[in-house]
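Some notes on the structure that comes next.
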Amino acid sequence: MKMDVRKYLNKAGYDTVDASFYSLICVWKSWYTGDVNKFHRYKMYNGKEHVPCRRLSLGMAKKLSEDIADLLLNERVQITIQDKKTSEFVMNVLDDNNFSVIGNDYQERKAYTGTVAYVPYLDNIEVSEDGSIIPGDAGEVKINYVSASNIYPLSWCNGYISECAFVFPKVIKTKKYAHIQLHILEDGMYVIENHVVECSAGAGKEIPVENWHDLHGFETMSEKIHTGSSERQFVIDRLNIANNSDRDNPMGVAIFANSIDVLRGLDTVYDSYINEFVLGKKRIFAAPELMGEDFWGNPVFDPNDVVFYQLPEGYLKDGGKPLETVDMNLRADEHEKAINDNLNMLSMKCGFGQNHYKFENGSVQTATQVISENSDMYRTINKHELILEPVLDELIRIIARLGQILGINTNPDTEIVINFDDSIIEDKQAERQSDRQDVSMGVMSHAEYRAKWYGETLEEAQSKLPEQNQVME
């Protein structure tokens, strides 16, 4: 968009993250798409003129983002909510908002931008003139998913963003607009402010509230909503990697943010690897006398066969051979080694350990073996889960609070257990067997064992035990 959101926020009296950081997000995105200006698209001087060139990409920034997303949030992640009514309501909301698919998609976006946000809100509700929500059961809970480039922290402390602005771009009748939503604290309670701005140079042009009814999608939107809660109604999700662009910046960084040089090396070698086959293609140079027709008038050589190149007239008179073959030696092995060396460096720098990726037969293969609990990858996954687990917990509790406003008997304070996928861990079976021995020795209860391995709360596990075990415990 043309407008500068930071200028708009500054004009409204708010400060946010430095503009240079959003430039970094654009750089990370260009590596994710494999199209970096002045690197993948460049010009080369051939002695006469500058020729536009396109450097090929191995697409490893995209691959890294896909892999970490699949490891963090997949179909094996179990969410257990103790209160049954709350569980049914929350799970229906997540299903209605396609969280199982979009949630994984935004884990991938988080990997290449560093930060995403989930903003639950009430749709089809009534709001009084002073911004208070009128309770009722006609509304429904929706979730807005926001990428890093549209997240503008307004206040934060120790990495926790307490106030934030979110931007939702929209095109109405060929005109570009920005819905800017502010989540701010007033007297300790959260208030949501909505603004509609026409995207123009600078801070943009604010659209008055009375004109919103002329804009499709904004007709029923309220200017201000008092949530009546001291808890924020948005969730910030980021990778657990220190932001070394600015130590006071609460936003996250891409998984490959500190591996750009390795990505450059990879794509440089890969481009050279492909060119090795293009430039090393076999060529046959033939004298013009051989390129004629046979006795029946048919061409001796197929004129569409690009292997043959016709030499100039008189070539044989100067002592040249009728046929000259050029067959270049390919340096495929040297290139494959260089690519694998760079893949190892990239894998280690991004927390996947050694030999996670291997370049073989012209493509990147991913290691399929299971990993041990002392490996780099296992520690990396656990490190990122330290942030993702409370993120999912907070999202669930926000949805439960919104359910109460709709008149649903939900309990935002219910116990929530989130079990991540650990199927890639090599010694889980050994750990489970060890826990079974602890149960038989009496140092672990049956309920504790069931809660741990069946993804249940302790209370649920206790209620599902056979009667004899319940009596014993």
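The values are calculated or read from the model by the stated rules, or taken from the named source; none is laboratory data. It should be emphasised that the depicted structure is a prediction, and the values quoted were computed from it without experimental measurement. Because the Cβ atoms are built from the backbone with ideal geometry, glycine has one as well, and the counts that use them run over all protein chains shown. Surface areas here come from the heavy atoms of the whole protein model, side chains and all, with no ligands, DNA or RNA. Shrake-Rupley method; radii C 1.70, N 1.55, O 1.52, S 1.80 Å.
Report the trypsin sites (Lys or Arg not before Pro) located in segment 186-260 that are in a DSSP loop and have at most 10 other Cβ atoms inside 10 Å of their Cβ, or state none.
ARG247
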Self-check item: Long-range amide H partners of VAL36 with built H, under 5 Å
Solution: ARG41
Quiz item: Which order do peptides 457-463, 116-122, 214-220 fall in by mean Cβ count within 10 Å, highest first?
Solution: 116-122, 457-463, 214-220
Practice problem: Report, by chain and number, residues whose modeled amide H sits under 5 Å from the one on ILE241, excluding near sequence neighbours (fewer than 5 apart, same chain). | Solution: VAL253
Quiz item: Which length gain, in nm to one decimal place, applies between ASP261 and ILE408 when the Cα-Cα distance is subtracted from 0.36 nm times their residue separation?
Solution: 47.6 nm
Quiz prompt | Of all accessible heavy-atom area on segment 199-260, the percent that carbon and sulfur account for (1.4 Å) | solution = 45
Quiz item: Over 19 Å between Cα atoms, which of LYS29/LYS358; LYS176/LYS205; LYS142/LYS176 qualify?
Solution: LYS29/LYS358; LYS142/LYS176
Self-check item: Neighbour net charge for LYS43 - beta-carbon separation under 11 angstrom, K R +1, D E -1
Solution: +2
Quiz item: Using the Karplus equation 6.51 cos²θ - 1.76 cosθ + 1.60 (θ = phi - 60°), what ³J(HN,Hα) coupling, rounded to whole Hz, does each residue of segment 16-30 give in order, writing x for Gly and Pro?
Solution: 8, 5, 4, 4, 4, 5, 5, 5, 4, 4, 5, 5, 4, 5, 5
Quiz prompt | For segment 1-140, the fraction of alpha-carbon pairs in successive 10 Å shells from zero, as % | solution = 9, 21, 25, 25, 12, 5, 2, 0
Quiz item: Residue separation times 0.36 nm, minus the C-alpha to C-alpha distance between CYS157 and THR33: what's the value?
Solution: 41.3 nm
Practice problem: Tell me which residues come under 5 Å, amide H to amide H, from PHE352 once H is placed; ignore anything under 5 positions away on its chain. | Solution: none
Quiz prompt | From phi via Karplus (6.51, -1.76, 1.60), per-residue ³J(HN,Hα) for segment 439-444 in Hz, x at Gly/Pro | solution = 5, 5, 7, x, 8, 9
Practice problem: Report the Stokes-Einstein translational diffusion coefficient (µm² s⁻¹, integer) for segment 130-233, Rh taken as the Kirkwood radius over Cα pairs, at 20 °C with viscosity 1.002 mPa s. | Solution: 141
Self-check item: In sequence order, calculated HN-Hα J values of segment 230-238 (Karplus, 6.51, -1.76, 1.60; Hz; x Gly/Pro)
Solution: 8, 9, 5, 10, 8, 10, 9, 10, 9
Practice problem: State log₁₀ I(q)/I(0) for segment 330-422 at q = 0.13, 0.15, 0.16 Å⁻¹ as given by the Debye formula over alpha-carbon point scatterers of equal weight, solvent excluded. | Solution: -0.64, -0.73, -0.77
Exercise. With a cut-off of at most 12 other beta carbons within 10 Å, and DSSP calling the residue loop, which GluC sites (Glu not before Pro) in segment 112-217 qualify? Please list them.
Key: GLU129
Practice problem: Give the accessible area for PHE234 in Å² (nearest 10); use a 1.4 Å probe, count only protein heavy atoms, and leave out ligands, DNA and RNA. | Solution: 0
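Given a cut-off of 21 Å, what percent of all Cα-Cα pairs of segment 75-182 lie beyond it? Don't skip to the end; give the middle numbers.
Values: 3122 of 5778 pairs.
In whole percent, the long-distance tail amounts to 54.
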Exercise. On a C-alpha basis, how far is the centre of segment 405-422 from the centre of segment 1-70 in Å? Whole number, if you could?
Key: 38
Practice problem: Using only the Cα atoms, work out Rg/Rh for segment 22-89, with Rh taken as the Kirkwood radius, to two decimals. | Solution: 1.36
Quiz item: When DSSP beta bridges are limited to those with both residues in segment 1-153, what percentage is antiparallel, rounded to the nearest 5?
Solution: 95
